[in-house]
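What follows is calculated from the coordinates using simple rules that are stated; it is not laboratory data. The model shown is predicted, which means the values in this text are computed figures rather than measured ones. Neighbour counts run over all protein chains shown; Cβ positions are idealised from the backbone, glycine included.
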Ligand code: NI
């Protein structure tokens, strides 16, 4: 993606769990970044792009949420079920797969107003123990 005009650089200090930093370093090494800063700048741009893309999800949509979460996080499975019941009017079906002893993969099929689909994804995303949530949608046309 094309970099936005960057008039000046600001320095920030961030604290990260060691495991997260190790995984990040591994990826930026594989992708050939010359520095951690460059990798972090790109990650922030991708985060912003993703957020903007999510904001553009409007109108009648068919969608899929793919999420990975920690099976052992206390109360999480119940919370995920509760959220799905709460948004039962847009959720058509869900599929659960026990990836490993510790991790679950859930695929949720939805149909409805884009902003509602996005809200479901955001609710799921904000739960402790949820590793990743990805929403993919297509516009529904007659
Ligand atoms: Ni499971």
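Key figures for this structure:
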| read-out | value |
| --- | --- |
| Cα pair distances in the chain, grouped into 5 Å bins until the bin that holds the longest one, percent each | 2, 8, 15, 17, 15, 15, 13, 9, 5, 1, 0 |
| Mean separation of Cα contacts under 8 Å, 6 or more apart, over the residue count of the chain: relative contact order % | 30 |
| R0 of 35 Å, Cβ-Cβ distance residue 48-residue 138: FRET efficiency to nearest 0.05 | 0.95 |
| Degrees separating the helix 18-30 axis from the principal Cα axis of the chain, which is the longest one | 70 |
| Estimated FRET transfer efficiency when R0 is 22 angstrom, pair residue 33-residue 8 (beta carbons, to 0.05) | 0.55 |
| Selected from 124, 105, 95 as most flexible by GNM, with the chain as the system and alpha-carbon contacts under 10 Å | 95 |
| Pair residue 113, residue 60: separation of 7 Å Cα→Cβ label points (nm) | 1.5 |
| Region 58-139, Rg to Rh (Cα coordinates; Rh as Kirkwood inverse mean 1/r) | 0.96 |
| Choice from 14, 91, 44 showing the highest fluctuation, given a GNM over the chain with Cα pairs closer than 10 Å | 14 |
| Angle between the chain longest axis and helix 36-55 axis [Cα atoms, degrees, rounded to 10] | 30 |
| Estimated [θ] at 222 nm from DSSP helical runs (n ≥ 4, -39500 (n - 2.57)) normalised by residues in the chain, nearest 500 | -12500 deg cm²/dmol |
| Nitroxide proxy distance, nm - points 7 Å out along Cα→Cβ at residue 99 and residue 26 | 1.3 |
